[in-house]
Amino acid sequence: MAVTGGGRGGTGHRWRVFFSRHQRLATLLVAWLATNFLVYRLGLWWMGWHKPCGCMGSLTSALHLSEQAADNIMKGVLAYLLLGSYGLLVWQWRQRRGGQARLDNGGLKMESTER
């Protein structure tokens, strides 16, 4: 359930992120989701859970991966999501301070707020 986003709610969240014209909202949603996964992982660590995370379910056997390898991959994905989303939020914040960042035809263009 955790990997699939909990069913229908997760699917709606993914569509909103992938097709959103509001880049800041999409980045905030990814950061929020990654932060929730981090809190989950920290909770497991705090409880003394030393086994690989069971969040992949039976997918590890279908992919012929060991549970430890899947756990390490998921830690890497979590780090990527956290660093990427928070890095983009900082970048967007800095861009808004000096100019207006907007999404235009799939690319970011800068518009100066000073005229």
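How much net charge surrounds Gly57 when only other residues with a Cβ under 15 Å from its Cβ are counted (Lys, Arg +1; Asp, Glu -1)? Walk me through the numbers before you get to the answer.
Values: positive: Lys51; negative: Glu67, Asp71.
My count for the surroundings of Gly57 gives -1.
When each of Lys51, Lys75 is scored by the number of other beta-carbon atoms lying within 10 Å, the sequence from fewest to most is Lys51, Lys75.
Where a number appears in this text, it was derived from the coordinates with a stated rule and is not lab data. Worth saying up front: this structure is predicted, and the values here are computed from it rather than measured. Cβ sites come from the backbone with ideal geometry, for glycine too, and all protein chains shown count toward neighbours.
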